[in-house]
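Presented below is the structure to which this report refers.
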Amino acid sequence: MKLRDRAYESFTRHLLAARIRPGQFVTQRELVALTGLPLGAIRELIPRLEADGLIVTIPQRGMQIAGIDVKLVRNAFHLRLLIETEAIARFTENATDEAIAEHEVALRRVIQASARGITRRLLAEAQAVDWGFHDAIVEATGNELIVNVYRVNALRIRLIRHERVLLSEATLPPALAEHAAILERVRARDVAGAVAAMQRHLTSARNRALGLEAIEGGRARRSSEPVRRRRITNAS
């Protein structure tokens, strides 16, 4: 792997681990210290980060990690909807029964575990299953251009989730149900049904990121009541 690619991978890993945060100002030397890579690799990295919209250069202030705002949330989820509805249609048509079963087994394991109590470890596993499914259906398109655009946007989505809404004891059950509905339509080779289920899932995820309730009567409403949450145990 080339140094600039290692630098990009290291930067995004630290970003997702919240060692650097949206809105934070950073210097090239701070990125050297963070990634452990030479200054030359960081200088090659910066134009790629700018092109991907992950950093912006502020005159007389330096480099700033891109912030998370409502416009970014809406734009990122709109792009996600365009990519993933096409991807789920192709996956429904072309995926092997074995590939579908692999995702069903992973989801069923999380659902069964959630019935015994929601722990932090379970939430982490559920998040990995969630991302793994979405990554897999896009990669299954076999279109490198789509995959590359998706990967950058997926990074934005994951940052949005870190800043605004991770899976929790309140959001896990509906998210699992949404995934189950998608896989049910995929298993039936129902392309239109799978696309509709994916649209509902992504709309729900977007509304959670925006602090909105589920769609009712065609319009999303901002939540006005606190969500009653089950206690998360510390078991792991």
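Annotations for the structure displayed:
- Restricting attention to region 91-102, the residues that are buried (at least 17 other Cβ atoms within 10 Å of the Cβ) and assigned to a helix (DSSP H, G or I) total 2.
- Members of region 130-164 found to be of a type in the set (A, V, I, L, M) and either closer than 21 Å to ARG90 by Cβ or outside the structural domain of ARG208 (by TED's automatic domain parsing) (or both), listed by number: ALA136, ILE137, VAL138, ALA140, LEU145, ILE146, VAL147, VAL149, VAL152, ALA154, ILE157
- Scope region 103-146; condition surrounded by 15 or more Cβ atoms within 10 Å (Cβ to Cβ), under 18 Å from GLU86 (Cβ atoms) and of a type in the set (Gly, Ala, Ser); matching residues: ALA136, ALA140
- Restricting attention to region 1-27, the residues that are of a type in the set (Gly, Ala, Ser), assigned to a loop (DSSP other than H, G, I, E, B) and either more than 18 Å from the chain's Cα centre (by Cα) or closer than 14 Å to PRO38 by Cβ (or both) total 1.
- Look at region 18-30: where a residue is assigned by TED's automatic domain parsing to the domain that holds ILE58 and a partner is of a type in the set (Val, Ile, Thr) and surrounded by 12 or more Cβ atoms within 10 Å (Cβ to Cβ), sitting 6+ places away or on another chain with Cβ atoms under 6 Å, you get ILE20/ILE65; PRO22/ILE65; PRO22/ILE68; GLN24/ILE65; GLN28/ILE42.
- So LEU54, is it outside the structural domain of ARG208 (by TED's automatic domain parsing) and crowded, with 16+ Cβ neighbours inside 10 Å: yes
The values are calculated or read from the model by the stated rules, or taken from the named source; none is laboratory data. Bear in mind the structure is a predicted one, so any value in this text is a computation, not a measurement. FYI the Cβ positions are ideal-geometry reconstructions off the backbone, even for glycines, and counts take in every protein chain you see.
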